[in-house]
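Step one of this worksheet: look at the structure below.
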Amino acid sequence: MTSNKEQEPAVLAQQCFMKKDYVSALQHLNELENLVGNNNKRVQHNKAVVEFMASDMKNVDKFKKAIAQLTNLTFPDIEIKDQNSPCLFYNYAVLLYHSRYYYQCVFLLEKILSFKNIKDSKLYQQIVLLLLEATLCRRTYDKTLEVAKMYGESLKNNNEVGELFERLVNRAQLLLGQKIKLNLKTDSIENIFVIAQQHYINGDVNEAANTLGQYKTLKYTYDLKSQGEDIWAAINNNLGVIYFSIKKPYLASKYFQHAVKEHFKAMESPDSERLIACKDRPLYVFNLGLALLAANNNEGAFECLVEVARHYPNNPRIWLHLAECCVKKCCSEEAQQYTVRKLGSGPHTRILLAKENKEKYSTSGESFAIPSLSLEFAALCLRNAVTLLPSPEEGNDDTSTYLVQAPPGPPINWKQRCEIMNSTLVLQSYILLHLQDPLSALTSANDLLSQPDVSNSHKAWAHIYAAEALINLDRITDAVEHLQPPMIHELVSVMPYQMRDMIAVSVWAKAAVCHILRGDLVTARKILLQINSPRVLPLQMYLEICTGNIENCHTILRKLRFANSSQ
């Protein structure tokens, strides 16, 4: 119980706080502190909040220290012992949320609600709304709906927060793939984003873009200071996502670049130091990196993804994409360029056929851990990706609950884990072959073939790379086992024509090499004559020379010159 003498400064402090007169509010709290002593936790908590608001929400470190001292916790710890300070712990949860400790935020808010001692209805509403938002940020959408059902009954028909509550629930329903009818009006940018998202998820990308365009008709006061987010960056990012989804990476990259620029401009503002400022640059840069990679701008994509990897080093997708940048840069010319030169004259003429000397491997002597567009760094990236994709615990066969958090993207479920792991292993085998490490390449290919869920295309490439590794290890008989035509035909029969053709060329070329190494040049020549690809022309020429068909060499040379000039 408080005396009348104590109530007066408390009431005056609250009134001043509501009027945003923080200096006067702090004076009244100091008066109250003189009356009740400086060990009163509620007074100290209110002083910390008022001082924080007086700094325009910029003195975040000081506020963190004050809250940590009052809760007896070290940020971001969440072991609660005091059950009588729900408001204090709510403010701590707000700090956790804006610091992107979403798991800790959700855990803390659920703990507060379990105490069932929240008497202030507005505080209860704010706790539930923040819990819904935090579960959405964690991409645990089932959890969002569970929270809404358990705690949201009093929020549904509330005039102040009813629309916000409905919007949060609708976002979770859409992201879970539920077919729902939205009751949201296009009278706010938040509603426009959710409606556009529904069109995007349903595949109506034109309608999604048109809906985003409706922001021009709004009379809004939406800026970094009031909402913590830059509207122009968010709109450009969303338009980029739309165009990227319909395979227009060049156009998408332009929108993502605009998003990065707008966000950079917003971060130059003094308001960027406020707690609520949304620092989403890594997300925009990640999207830009993916678009540039799809547009074959490997250097630009690499720079973007390296920056994102510093923020999110535990995302295996980022490491896989970094490796893809390196491979596309170092091994982009699969149809190898060859130089044809004549040495001597007359009967002493010799024809020299050589690959153009292009540096594929890093020769600078720098550590491979330093980001660079090299195959060595790509191999390191893929090792990171494999490490970040753990198998289920031994004895646990239930993969339905498997989930790996991978911000800034969605969590990785078991099916996605298998796809990423398979892509990683097949690329790893390919890179190790280029790095002249056939034994490790064979291990990666065999690891891929032993995975529980492998697509036919991954299996086919695994057999091809395993065969090449075995050839390099002089294990020809074992290599042939990986190139059995019936097995390969069965694997590629359901693939698109272009992929079937690519795999067929690789398989038959490897089979020809096996026959050459066995000394069966006639069979090897028959196989190569069936392949219509510039990739095997040097091999064909070698066989023609070995079998004495010199005239055919001139024909192959003309084909090589044509292939080189047409690239």
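The values are calculated or read from the model by the stated rules, or taken from the named source; none is laboratory data. Predicted model only: the values in this text are computed from it and were never measured. Note: ideal-geometry Cβ built from the backbone for every residue, glycine included; neighbour counts use all protein chains shown. To get the accessible areas, we keep the full protein, side chains included, count just its heavy atoms, and leave off ligands, DNA and RNA. Shrake-Rupley method; radii C 1.70, N 1.55, O 1.52, S 1.80 Å.
Mind checking the dipole of the stretch 25-143: about its Cα centre, +1 per Lys or Arg Cβ, -1 per Asp or Glu Cβ, Debye to the nearest 20?
On the way: 16 positive and 12 negative charges, 42 e Å.
In debye, rounded to 20, the stretch 25-143 gives about 200.
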Could you tell me which residue out of M499, T399, G228 lies farthest along the dipole of the chain toward its positive end? Charges go on the beta carbon: Lys and Arg +1, Asp and Glu -1, centred on the Cα centre.
M499
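By the scheme Lys and Arg +1, Asp and Glu -1, what is the net charge of all other residues having a beta-carbon under 15 Å from that of Q83? Walk me through the numbers before you get to the answer.
Working: positive: K41, R42, K81, K111, K116, K119; negative: E79, D82, E110.
It works out to a net charge of +3.
Going down the list K65/K122; K65/K265; K185/K265; K254/K328; K248/K559; K20/K64, which pairs span over 28 Å between their C-alpha atoms?
Over 28 Å Cα-Cα: K65/K265; K185/K265; K248/K559.
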Straight-line reach only, C-alpha to C-alpha below 19 angstrom: list the lysines that K261 could link to, leaving out same-chain residues fewer than 8 apart.
K225, K279
Per residue, accessible area of the stretch 209-285 with a 1.4 Å probe, heavy atoms of protein chains only, in Å², comes to 54 Å²
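Of C381, C16, which has the most accessible area and how do the rest follow, probe 1.4 Å? Numbers along the way, then the final one.
Numbers: C381 0, C16 20 Å².
Ranked from most to least accessible, the order is C16, C381.
If r is the Cβ-Cβ distance from N34 to N84 and R0 is 30 Å, what FRET efficiency results, to the nearest 0.05? Could the numbers behind the result be given before it?
Numbers: r = 24 Å, r/R0 = 0.79.
So, using R0 = 30 Å, E works out to roughly 0.80.
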Run the accessible area of the stretch 116-191 with a 1.4 Å probe and give the carbon-and-sulfur part as a rounded percent.
45 percent
Using Cα pairs under 8 angstrom and six or more residues apart, how large is the relative contact order of the stretch 240-306, in percent?
31 percent
Got a number for carbon plus sulfur as a percent of the stretch 219-304's accessible area, 1.4 Å probe?
54 percent
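Counting only heavy atoms of the protein chains, get the accessible area per residue of the stretch 522-562 (1.4 Å probe) and round it to a whole Å² value. Don't skip to the end; give the middle numbers.
On the way: 2490 Å² over 41 residues.
On a per-residue basis, 61 Å².
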Debye log10 I(q)/I(0) for the chain, one point scatterer per Cα, at q = 0.05, 0.09 Å⁻¹
-0.33, -0.85
When the accessible area of the stretch 374-416 is computed with all protein chains present and a 1.4 Å probe, what percentage of it is carbon and sulfur?
50 percent
Choose one of F115, L129, A172: the residue whose Cα lies farthest towards the positive end of the charge dipole of the stretch 106-185 (beta-carbon charges +1 Lys, Arg; -1 Asp, Glu; about the Cα centre).
A172
For K459, which lysines qualify as cross-link partners when the Cα separation must be under 19 Å and same-chain residues fewer than eight apart are set aside?
K415, K510
About its Cα centre, how strong a charge dipole does the stretch 406-504 have in debye, to the nearest 20, once Lys and Arg get +1 and Asp and Glu get -1 at the Cβ?
280 debye
Note down the net charge around K225, summing +1 for each Lys or Arg and -1 for each Asp or Glu among other residues with Cβ under 10 Å from its Cβ.
-2
Output the relative contact order of the chain, whole-number percent, from Cα pairs under 8 angstrom with separation of 6+ residues.
6 percent
Using helices alone, what [θ] at 222 nm do you get for the chain, with -39,500 (n - 2.57) per DSSP H run of 4 or more residues, divided over all residues and rounded to the nearest 500?
-20500 deg cm²/dmol
Not counting ligands, DNA or RNA, and with a 1.4 Å probe, what is W232's accessible surface area in Å² rounded to the nearest 10?
100 Å²
The stretch 138-241, relative contact order [Cα under 8 Å, separation at least 6], %:
17 percent
What ranking, highest mean first, results for peptides 247-259, 204-216, 140-152 when packing means the other Cβ atoms within 10 Å averaged over each residue?
247-259, 140-152, 204-216
Counting heavy atoms of the protein chains only and a 1.4 Å probe, report the per residue accessible area for the stretch 1-130 as a whole number of Å².
60 Å²
Accessible area of R317 in the full protein assembly, 1.4 Å probe (Å², nearest 10)
50 Å²
Solvent-accessible area of W319 with every protein chain in place, 1.4 Å probe, in Å² to the nearest 10
40 Å²
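Based on the Cβ-Cβ distance of D478 and D453, what FRET efficiency does E = 1/(1 + (r/R0)^6) give at R0 = 22 Å, to the nearest 0.05? Spell out each step's value before the answer.
On the way: r = 25 Å, r/R0 = 1.16.
Step by step, r from the Cβ atoms, then E = 0.30.
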Treating the beta-carbon of each Lys and Arg as +1 and of each Asp and Glu as -1, no other charges, what is the dipole magnitude of the chain about its Cα centre, to the nearest 20 debye?
1100 debye
